[in-house]
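Comments concern the structure below.
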Amino acid sequence: MTGPGQLSFWWKISSEQNYDYLRFYLDAQEQPQKISGTVDWQLVSMLVGNGAHSLRWAYTKDVNVAGGMDAGWVDEVSFVPRTCRLRLPAHPLRSMPWPRRDRMPRRKYCRSGTPVAGGPLFDCG
Ligand SMILES: [Ca+2]
């Protein structure tokens, strides 16, 4: 997969709670949103930065007890390429007091063409 863009997928699990997990790895790095126990279909969505990325899902167990159906599911993996586009308000500088003009965080929300969640000045589309 090549970013930047929005990655999303659905997953669910039926497992031994707190011991057997469904995990997701982006570029071999485990992401925080792992699930365990009984979780119905849940949408995971995230912005992914520039360049090539690897995706991996893993169902990981401890050796002892099996719970539920002892399985995890992943479905509807989608990736929507997106680039970052500057979208300024009509007169952003004119309406601001002079000392604040230089401190407008323009680049903070669009590093290397990668959309960053929560950026008020940019429209990612
Ligand atoms: Ca187990």
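Taken together, the values in this text are just the output of simple stated rules run on the coordinates, not laboratory data. Small disclaimer: the values here were computed from a predicted structure and weren't measured. Here the Cβ is made from the backbone with ideal geometry for all residues, glycine too, and neighbour counts use every protein chain on show.
Remarks
- Square roots of 5 times each gyration tensor eigenvalue, C-alpha, the range 2-81, largest first, Å: 26, 13, 8
- Given R0 = 25 Å, the distance between the Cβ atoms of TRP57 and ASN18 translates into a calculated FRET efficiency of 0.85.
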